[in-house]
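These notes concern the structure reproduced below.
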Amino acid sequence: MAGQSDHELSLFSAEELEFIAEDEIVDIVPNLKMDPLCLISGDFGPFTPQIVTQVPLWLAIALKKRGKCSICPPQWMTVEKLTQVLEVERDSQEMSEHLPFHYVEISRLLFDHARDNIPDAYMVRSLIEDIRDVRFHKVETDLEGFNGRTIAVKIKNLSAMEVNIVRPFIGRALQAFYKHDSSELIPDPERAPDRRPQVAHNAPRRQLRR
């Protein structure tokens with residue numbers, strides 16, 4: 001895997017994961033006055049200038065593109081928090097639980113559409129990439145224990161992107177092990193007994209009626 005997404009193995013594309021992540025709730029600071037929006041996913045607003053309100057990420061991006069708000073980065077998306085997470089990831093073989101399920105997609109969307117709202121954006125991006133690399137290395141280490149006796153794999157606190165890459169890989173690996181180790185279950189034409197009805201050559205023949 002080497003920490004990179006393989007389109008042939010992944011269940012979803014990066015764009016599809018981002019689409020799913022856009023339903024995550026974020027804080028914005030609007031610069032317009034507007035009544036609440038009644039959407040299928042819920043009611044959001046009212047919107048008052050300089051008053052923080054919560055909206056889905058897709059709506060925050062739409063308002064940001066129109067210059068109607070600034071987006072507040074999530075609390076975990078700071079140099080201090082990410083440095084702590086990176087240290088935890090490096091010190092333990094377990095995956096940290098201090099990152100949201102869609103941390104990769106959320107950070108990518110914010111860097112694409114609201115980079116000017118992210119303090120120390122360069123350091124934040126660098127830390128997120130380091131965390132992602134460390135986590136992938138731990139996943140690869142866990143997968144090295146695969147063998148023909150493996151029937152299930154449990155890795156806690158994976159992110160959406162990691163699950164998207166690892167799950168199909170694990171499924172195919174388990175199938176390959178099963179096929180390799182269960183060859184005796186596949187009938188061999190040369191060794192399988194002949195199940196056709198046997199003809200008793202020495203049995204007396206019935207006389208035909210005249």
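General remarks:
- With respect to the conditions (1) outside the structural domain of Val166 (by TED's automatic domain parsing); (2) free of Cβ contacts under 8 Å to residues at least 12 places away in the same chain; (3) surrounded by 15 or more Cβ atoms within 10 Å (Cβ to Cβ), Gly42 lacks only one, and its number is (3).
- Lone unmet requirement of (1) surrounded by fewer than 21 Cβ atoms within 10 Å (Cβ to Cβ); (2) touching a residue at least 40 places away in the same chain (Cβ under 8 Å) for Arg125: (2)
Residues are listed down the side, and each one gets a yes or a no for (1) touching a residue at least 60 places away in the same chain (Cβ under 8 Å); (2) closer than 14 Å to Asp27 by Cα:
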position	(1), (2)
Thr53	no, yes
Leu57	no, yes
Lys65	no, no
Met95	yes, no
Pro100	yes, no
Tyr103	no, no
Val134	no, no
Lys156	yes, no
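- Leading residue by the ranking (modelled with the lowest pLDDT) among those in segment 133-157 that are of a type in the set (A, V, I, L, M, F, W, C) and over 17 Å from the mean Cα position of the chain (by Cα): Ile151
- In segment 18-43, the residues that are farther than 18 Å from His113 by Cβ and outside any loop (DSSP other than H, G, I, E, B): Met34, Leu37, Cys38, Leu39, Gly42, Asp43
- Per-region count, segment 64-86, residues surrounded by 12 or more Cβ atoms within 10 Å (Cβ to Cβ) and either β-branched (Val, Ile, Thr) or not in a loop (DSSP other than H, G, I, E, B) (or both): 13
- Screening Gln75 against (1) within 30 Å of Glu162 (Cβ to Cβ); (2) out of contact with any Lys or Arg (no Cβ under 8 Å at 6 or more places or on another chain) leaves a single unmet condition, (2).
- Residue check, Phe111 among the aromatic types (Phe, Trp, Tyr) and in contact with a strand residue (DSSP E or B) (Cβ under 8 Å, 6 or more places away or on another chain): no
The values are calculated or read from the model by the stated rules, or taken from the named source; none is laboratory data. What you see is a predicted model, and the numbers here were worked out from it, not measured in a lab. Don't worry about glycine lacking a Cβ; one is built from the backbone with ideal geometry, like all the others, and counts go over all protein chains shown.
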